[in-house]
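The values are calculated or read from the model by the stated rules, or taken from the named source; none is laboratory data. The model shown is predicted, which means the values in this text are computed figures rather than measured ones. No Cβ is skipped: glycine too gets one built from the backbone with ideal geometry, and neighbour counts run over all protein chains shown.
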């Protein structure tokens, strides 16, 4: 941002823009930087919530910080596929879909599966 402000001041020195226009541009830069830091910094503080509700009463509630989920998904993606014990559990899971959802700052429901026996919801809040 400092470089952008310097460019605006040089434009003002050369007479390309007046001081009022320079002030407007600098205020706009500062406003945009504030918005970017608020949204990007806070997104990874959100939570991935996994809810499994079974008709027989076996319910699962998992809350994971999104920053940790992203790190584990990226680091563990190749590892899980190469472990014979884990292969059967992860072979049908599209980890790239979850990583893309996080990278694109998706908020809301990612997965909603309902069967006669179970309901599974995965949400980013």
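Structure notes:
- Selected residue [modelled with pLDDT of 75 or more and part of a helix (DSSP H, G or I)] from 31, 13, 36: 13
- So residue 41, is it modelled with pLDDT under 80, more than 16 Å from the chain's Cα centre (by Cα) and exposed (fewer than 14 other Cβ atoms within 10 Å of the Cβ): no
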